[in-house]
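Okay, so here's the structure we're looking at.
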Amino acid sequence: MRCWGLPISIITLAGLFAFAGEPGREWLRYERAGIAAGEAWRLVTGHLVHLNVSHFALNSAGMALVWYLVGTYFELRFWLLLIVMIVAGIDLGFWVLEPQLAWYVGLSGLLHGILAAGIVGGIRAKRREAWWLGMLVMTKLGYEQLLGPIPGSEESAGGAVVVAAHLFGAITGAVASFFIPIRVRINASI
């Protein structure tokens, strides 16, 4: 059984941050200069603030869909550990491999990480559907790395899409999930 409390908590926290408006967004976003100045909270809060309401709504819907697809493969405590690892992996990727990135907001990197971790969990649980989903995600990531954001995604989000967040999240989620015990269930669905 999926524990919906975790994704609902993430969406709720992100929704609360939305009430902070533009000053709050600027204070909470991942911002390289701020982090370099010691504002470490930005390493976490940057993944929870959004460009606008439509960006928040898209990420919230994405969280619900991703959780529906892969939320059964790990126990809650392991999902919590995976989320910490995914956020750290994205931040490390930004810091080391994207030094020109001045700032970032949104859940999309984390969503890609959760999805990739769940796909690996599904494959380890011998779920054939996980292979198909994995191929779709890899195709999307490849497209983004070669050609940029999916057409229409920037318009829908209301700003630039940082496709590196998707890649760093997916890689971290997939790698980290190999070290986490899976929960195998006969009725688990992807």
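The values are calculated or read from the model by the stated rules, or taken from the named source; none is laboratory data. Keep in mind the model is a prediction, meaning the values are calculated, not measured. No Cβ is skipped: glycine too gets one built from the backbone with ideal geometry, and neighbour counts run over all protein chains shown.
Remarks
- Complete set of residues in the range 13-31 that are within 16 Å of residue 87 (Cβ to Cβ) and at pLDDT 95 or above: 13, 14, 28, 29, 30, 31
- Applying the condition of being within 15 Å of the chain's Cα centre (by Cα) and without any contact (Cβ under 8 Å) to a residue 40 or more places away in the chain to the range 1-28 and asking which residue is farthest from residue 77 (Cα to Cα) yields 13.
- Within the range 38-64, being in a helix (DSSP H, G or I), farther than 14 Å from residue 6 by Cβ and in contact with a helix residue (DSSP H, G or I) (Cβ under 9 Å, 6 or more places away or on another chain) holds for 42, 43, 44, 45, 53, 54, 55, 56, 58, 59, 62.
- Check on residue 137, crowded, with 16+ Cβ neighbours inside 10 Å, over 16 Å from residue 79 (Cβ atoms) and touching a Lys or Arg at 6+ places or on another chain (Cβ under 6 Å): no
- Only one of the numbered conditions (1) closer than 22 Å to residue 55 by Cα; (2) surrounded by fewer than 21 Cβ atoms within 10 Å (Cβ to Cβ); (3) of a type outside the set (Asp, Glu) is not met by residue 95, and that is (1).
- In the range 135-163, the residues that are aromatic (Phe, Trp, Tyr) form Cβ pairs under 8 Å with partners that are surrounded by 13 or more Cβ atoms within 10 Å (Cβ to Cβ), at six or more places apart or across chains, as follows: 143/150.
- Criterion: touching a His at 6+ places or on another chain (Cβ under 7 Å), surrounded by fewer than 23 Cβ atoms within 10 Å (Cβ to Cβ) and among the small types (Gly, Ala, Ser) - qualifying residue of 18, 61, 36: 18
- Residue pairs meeting the criteria (Cβ under 6 Å; at least 6 apart or on separate chains; first surrounded by fewer than 22 Cβ atoms within 10 Å (Cβ to Cβ), in the range 99-125; second assigned to a loop (DSSP other than H, G, I, E, B) and at pLDDT 95 or above): 103/29
- Some residue of the range 75-83 being surrounded by fewer than 21 Cβ atoms within 10 Å (Cβ to Cβ), out of contact with any helix residue (DSSP H, G or I) (no Cβ under 9 Å at 6 or more places or on another chain) and not in a helix (DSSP H, G or I): yes
- Count of residues meeting criterion [among the hydrophobic types (A, V, I, L, M, F, W, C) and either in contact with a His (Cβ under 8 Å, 6 or more places away or on another chain) or at pLDDT below 95 (or both)] in the range 162-177: 3
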